[in-house]
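> I'd like to ask you about the structure that follows.
The values are calculated or read from the model by the stated rules, or taken from the named source; none is laboratory data. These figures come from a predicted structure and were not determined experimentally. Every residue, glycine among them, receives a Cβ derived from its backbone with ideal geometry; neighbour counts consider all protein chains shown. Quick note on the areas: whole protein, heavy atoms, side chains included, nothing else; ligands and nucleic acids left out. Shrake-Rupley method; radii C 1.70, N 1.55, O 1.52, S 1.80 Å.
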Amino acid sequence: MSFELHLQKLPISMTVYITLPLVPPLAKGFKRTGLHVGLFIPTPSLALSVNMDFCKNATERPEPLKAEVKGNIPSWLRGTLLRNGPGIFSVGDTSYDHWFDGMSIMHSFSFKDGEVTHRSRFLRSDTYKANMESNRIVVSEMGTMAYPDPSKNFIVKAITFLNHTVPDFTDNGASNFIKYGQDYFATSETNYIRKIDPVTLETQDKVDYMKFVPVNLATSHPHYDKEGNAYNMGTCIAEKGKTKYLLFKVPAVSQKDKKVPALKNAEVICSVPCRSLLTPSYYHSFGMTENYFVFIEQPFKLDILKMATAYMRGVNWASCLKFCPEENTLIHLIDRKTGKAVETKYYTEAMVVYHHVNAFEVDGCVIFDVIAYKDNGLYDMFYVRNLKETPGSRNENYSKPSYKRFALPVQGAAIGENLVKVTCTTATAVKEKEGKLICRAEVLCGGIDLPRMNYDFNTKRHRFVYGNCVEESALSKEIMKFDTESKQMLTWSEDNCWPSEAVFVPRPDGESEDDGVVLSSVINTNPGQLNFILVLDGRTLKEVARGYVNTELHKDMHGFFIPQGN
């Protein structure tokens with residue numbers, strides 16, 4: 001993190017800058033660690049060099065900045081695209097070991113009347129405040145264990161040890177945004193979320209799921225219905241000797257109850273027992289149809305006992321995640337009306353799924369699409385030491401994902417028979433023995449992740465999926481549109497440009513599923529060129545417009561589009 005003082009009106013457009021390696025000036029107790037003076041000739045860009053550094057500390061810009069628009073942004077596009085991801089990777093002399101652990105920086109792009117404005121702000125979480133006040137990382141994250149300053153006394157060290165034995169997790173919500181009722185929250189996957197102002201990006205209340213539903217972990221990918229109700233999943237660890245997965249509903253807030261937090265009315269819909277008491281499955285998302293929830297209990301597990309002793313053993317919590325390829329994957333189908341799992345047990349081969357695409361029902365079958373990896377190597381790709389290799393280049397340990405479609409027949413039949421009779425997939429489900437079905441997926445394509453679609457088609461049969469091409473690396477250089485029927489693919493890319501997750505925004509009263517635009521923030525590493533927000537036509541994936549922003553953009557995770565007036 002650095003502070004720059006610019007002295008203008010110098011000859012030949014030169015600027016003297018003074019860089020003080022400090023913590024951000026808003027933090028308390030910051031210390032000056034050095035003074036550097038230099039001279040540079042400014043270009044019209046704040047873009048990074050071609051040698052991308054994804055782990056460089058970000059600089060926030062909380063005041064609105066008008067973008068220079070090239071092309072024509074549709075007049076109907078009104079609203080705000082929020083983006084979230086890690087932005088601070090080192091504090092003082094300490095650094096995070098994993099990219100996912102970095103402290104959150106939020107970006108917003110507001111569209112109105114063919115114009116777009118940008119702003120960015122760090123999430124002022126308790127984690128952020130504690131780290132900045134200490135001028136070192138003092139709150140542990142999944143891939144980085146924080147240890148106290150060696151000069152601290154025994155009592156401080158003892159308290160730190162206890163906090164890691166029964167962890168009080170971080171509130172560094174750097175993964176996504178969630179809407180509960182009328183409120184928006186920055187979220188990761190712990191029991192803490194942070195309310196934010198979606199206009200100014202200011203940090204507001206800290207909210208603990210545990211006060212409303214008994215979950216120690218929760219996903220950052222909920223589902224929403226047309227009434228505005230939200231549905232999410234969380235893991236309850238070893239409560240009364242049981243570990244279970246909870247599906248819960250957060251009702252939409254009525255106009256009369258705006259002052260009442262939506263989570264106060266949260267209700268548990270279903271409880272699914274964990275296959276193993278002390279090794280619950282890791283999951284990042286789940287599926288939902290009009291009548292069912294789809295939950296994948298995969299053999300990618302978190303060892304609770306190892307997690308409790310990780311600090312003492314000098315390892316991070318991520319090392320307590322284990323993929324067990326010799327085990328199968330159990331797929332749970334849960335009735336939304338009764339809150340009970342169907343009696344049939346669905347099994348498939350070992351896989352690791354982070355993102356569901358969609359789920360729908362056809363002729364007595366639940367069809368669901370996921371992005372599946374053959375192992376857990378994706379997480380390891382984002383250790384800082386691995387990111388220092390040439391970004392976007394192929395890694396020998398990289399496991400390219402597959403877009404898979406599964407079919408779960410609700411009705412039973414004879415042993416040995418394929419129960420999938422629908423024509424929209426070649427996936428199979430064969431009855432092996434009473435109550436057990438072995439499912440084989442249809443692979444629709446490969447090398448895609450961060451899937452998004454027209455959310456108006458969520459729980460319905462969809463055709464088009466937008467995402468990032470990850471053929472060679474998890475760091476994508478290309479946006480794609482995939483047609484699940486024709487299997488054709490359209491792509492957008494530009495030399496030395498790094499697009500974020502592609503977010504589809506439907507045109508009001510659109511004529512087709514893909515009638516709308518695709519939004520992506522793009523880091524432009526071409527020397528002398530600006531970063532930009534990209535607007536693509538949802539049908540052709542051709543560029544409609546871009547808005548150049550004379551500020552930093554950052555590699556991020558997920559985004560949320562808020563239509564104007566919502």
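> Can you name every residue in region 80-125 that is open to solvent by less than 30 Å² (accessible area, probe 1.4 Å) and not in a strand (DSSP E or B)?
Within region 80-125, 89, 96, 99, 101, 102, 114, 123, 125 qualify.
> Please state which of the following conditions residue 162 fails to meet, knowing it meets all the rest: (1) of a type in the set (A, V, I, L, M); (2) at pLDDT 95 or above; (3) not in a strand (DSSP E or B).
Only one criterion in (1) of a type in the set (A, V, I, L, M); (2) at pLDDT 95 or above; (3) not in a strand (DSSP E or B) is unmet by residue 162, namely (2).
> Working only within region 270-289, note down all residues that are under 24 Å from the mean Cα position of the chain (by Cα) and either of a type in the set (D, E, K, R) or open to solvent by 40 Å² or more (accessible area, probe 1.4 Å) (or both).
282
> Quick check, is residue 292 farther than 20 Å from residue 209 by Cα and surrounded by 21 or more Cβ atoms within 10 Å (Cβ to Cβ)?
yes
> Another one. When region 341-353 is examined, which residues are found to be open to solvent by 50 Å² or more (accessible area, probe 1.4 Å) and modelled with pLDDT of 95 or more?
349
> Is one or more of the residues making up region 165-185 open to solvent by less than 50 Å² (accessible area, probe 1.4 Å), aliphatic (A, V, I, L, M) and modelled with pLDDT of 95 or more?
Checked against the condition, which is being open to solvent by less than 50 Å² (accessible area, probe 1.4 Å), aliphatic (A, V, I, L, M) and modelled with pLDDT of 95 or more, region 165-185 yields at least one hit.
> Then there is this: So which of 213, 207 is more than 17 Å from the chain's Cα centre (by Cα), under 12 Å from residue 192 (Cβ atoms) and at pLDDT 95 or above?
207
> Here is a further query. Please verify whether region 317-333 includes one or more residues that are farther than 29 Å from residue 400 by Cβ, over 25 Å from the mean Cα position of the chain (by Cα) and of a type outside the set (D, E, K, R).
no
> Going by the conditions given, is residue 240 within 19 Å of residue 215 (Cβ to Cβ) and at pLDDT below 95?
yes
> While we're here: Please go through region 343-355 and pick out each residue that is closer than 23 Å to residue 436 by Cβ and either of a type outside the set (Ser, Thr, Tyr) or in a loop (DSSP other than H, G, I, E, B) (or both).
343, 344, 345, 349, 350, 351, 352, 353 - these are the residues of region 343-355 that are closer than 23 Å to residue 436 by Cβ and either of a type outside the set (Ser, Thr, Tyr) or in a loop (DSSP other than H, G, I, E, B) (or both).
> Can you name the condition, by its number, that residue 203 falls short on among (1) open to solvent by 10 Å² or more (accessible area, probe 1.4 Å); (2) under 24 Å from residue 323 (Cβ atoms); (3) β-branched (Val, Ile, Thr)?
Tallying (1) open to solvent by 10 Å² or more (accessible area, probe 1.4 Å); (2) under 24 Å from residue 323 (Cβ atoms); (3) β-branched (Val, Ile, Thr), residue 203 fails exactly one: (2).
> Sticking with this one: Kindly evaluate residue 300 against the criterion of being within 26 Å of residue 127 (Cβ to Cβ), of a type outside the set (A, V, I, L, M), open to solvent by 50 Å² or more (accessible area, probe 1.4 Å) and in contact (Cβ under 8 Å) with a residue 12 or more places away in the chain. Steps first, please.
Details: within 26 Å of residue 127 (Cβ to Cβ): yes; of a type outside the set (A, V, I, L, M): yes; open to solvent by 50 Å² or more (accessible area, probe 1.4 Å): no; in contact (Cβ under 8 Å) with a residue 12 or more places away in the chain: yes.
Considered against the rule, which asks whether it is within 26 Å of residue 127 (Cβ to Cβ), of a type outside the set (A, V, I, L, M), open to solvent by 50 Å² or more (accessible area, probe 1.4 Å) and in contact (Cβ under 8 Å) with a residue 12 or more places away in the chain, residue 300 comes out as no.
> Check off (1) under 23 Å from the mean Cα position of the chain (by Cα); (2) more than 24 Å from residue 126 (Cβ to Cβ); (3) open to solvent by 40 Å² or more (accessible area, probe 1.4 Å) for residue 245 and give me the number that stays unchecked.
Here residue 245 meets the rest and fails (3).
> Is it the case that residue 475 is aliphatic (A, V, I, L, M) and open to solvent by 10 Å² or more (accessible area, probe 1.4 Å)?
In short, yes.
> What tally of residues in region 516-540 results from selecting those that are in contact (Cβ under 8 Å) with a residue 24 or more places away in the chain, part of a strand (DSSP E or B) and not β-branched (Val, Ile, Thr)?
Here the count works out to 9.
> What residue, among those in region 225-240 that are among the aliphatic types (A, V, I, L, M) and open to solvent by 10 Å² or more (accessible area, probe 1.4 Å), is farthest from residue 192 (Cα to Cα)?
My answer is 238.
> Suppose we filter region 354-372 for residues that are open to solvent by 10 Å² or more (accessible area, probe 1.4 Å) and under 16 Å from residue 330 (Cα atoms); how many remain?
The number of residues fulfilling the criteria is 2.
> Which ones in region 60-79 are within 24 Å of residue 176 (Cβ to Cβ) and in a loop (DSSP other than H, G, I, E, B)?
If the condition is that a residue be within 24 Å of residue 176 (Cβ to Cβ) and in a loop (DSSP other than H, G, I, E, B), then 60, 67, 77, 78 are the ones that fit.
> To continue, here is another question. Does residue 455 meet the test of being open to solvent by 20 Å² or more (accessible area, probe 1.4 Å), at pLDDT 95 or above and within 17 Å of the chain's Cα centre (by Cα)?
Here the answer is yes, as residue 455 does meet what is asked.
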